[in-house]
């Protein structure tokens, strides 16, 4: 807990951090970060455009994929302003209200992504276990209700956490550990006992990401049981192949998160850079790699994207000839 007294307690301002030891190379570091954000925004926007314009893709699996892309876009936009201000313009100071707003969006979209991955696991379970009832079970109305429930759950759990942080007193300027605001990072800067915030943060973690990961594992256990009951190896592989993309994006989301939790648990034996690197991987890589995974592994999306680029090239060629 920072040392605070009445003379230095004021409306809080925080100092965002870059990468330790590389502060002078901020403008160069901003180049790959800008490239990552550009790929994430363009990739997810392209996925959304393809699903919206191709009526054959108006199916439950692709509707859940569109929810994942919207979540990835929200997560990218939430971290983009402060990361670029730190690395590109070396602007590190941020007022508490802006910091808590960013914290709310980052944690809400992170929790939404976990929930969407759970919904996609349920989608794969229904498609493999009850293929004849797949379309009637996952109707557009039900998928819309699932999406609404995901938003309400994520925002409803995180808003109280932000309200608690807003109540605590802070000293004038406190340095944070990252180039964006996170709950644990802001909480440790308070000039008071933050036990309620700490316990509520653990409650959020276990009731959202922890519960979702357990239910995803259970979904795949039931999927494997269903696959083992299929006599034909070809049919087994065909059904399992529909899950490959979802398994990949789930691992992309949870692997850095679990690794980061382990490092925080044993941080005395870990380098600070590894914790910061895993935090960046957790927030930046899923939005970039998710559309790439689905574009490569999903034949329908891949064909539609190739058709878009072929039409674009043809139009450019025709304009050049004219």
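When you scan the range 210-221, do you find a residue that is in contact with a strand residue (DSSP E or B) (Cβ under 6 Å, 6 or more places away or on another chain) and either assigned to a helix (DSSP H, G or I) or buried (at least 19 other Cβ atoms within 10 Å of the Cβ) (or both), even just one? For the range 210-221, residues in contact with a strand residue (DSSP E or B) (Cβ under 6 Å, 6 or more places away or on another chain) and either assigned to a helix (DSSP H, G or I) or buried (at least 19 other Cβ atoms within 10 Å of the Cβ) (or both): absent.
To keep it simple, each residue is scored yes or no on (1) buried (at least 17 other Cβ atoms within 10 Å of the Cβ); (2) under 17 Å from residue 44 (Cβ atoms); (3) touching a helix residue (DSSP H, G or I) at 6+ places or on another chain (Cβ under 6 Å); (4) at pLDDT 85 or above.
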residue: 255; (1), (2), (3), (4): no, no, no, yes
residue: 265; (1), (2), (3), (4): no, no, no, no
residue: 284; (1), (2), (3), (4): yes, yes, yes, yes
residue: 299; (1), (2), (3), (4): no, no, no, no
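Scanning the range 286-302 for residues that are free of Cβ contacts under 8 Å to residues at least 60 places away in the same chain and either touching a strand residue (DSSP E or B) at 6+ places or on another chain (Cβ under 7 Å) or within 11 Å of residue 36 (Cβ to Cβ) (or both) yields a single hit, 289. Among residues of the range 128-180 being more than 30 Å from residue 227 (Cβ to Cβ) and part of a loop (DSSP other than H, G, I, E, B), the one that is modelled with the lowest pLDDT is 172.
The values are calculated or read from the model by the stated rules, or taken from the named source; none is laboratory data. Note that the structure is predicted; figures quoted are calculated from it, not measured. Cβ: placed from backbone, ideal geometry, glycine included. Neighbour counts: every protein chain shown.
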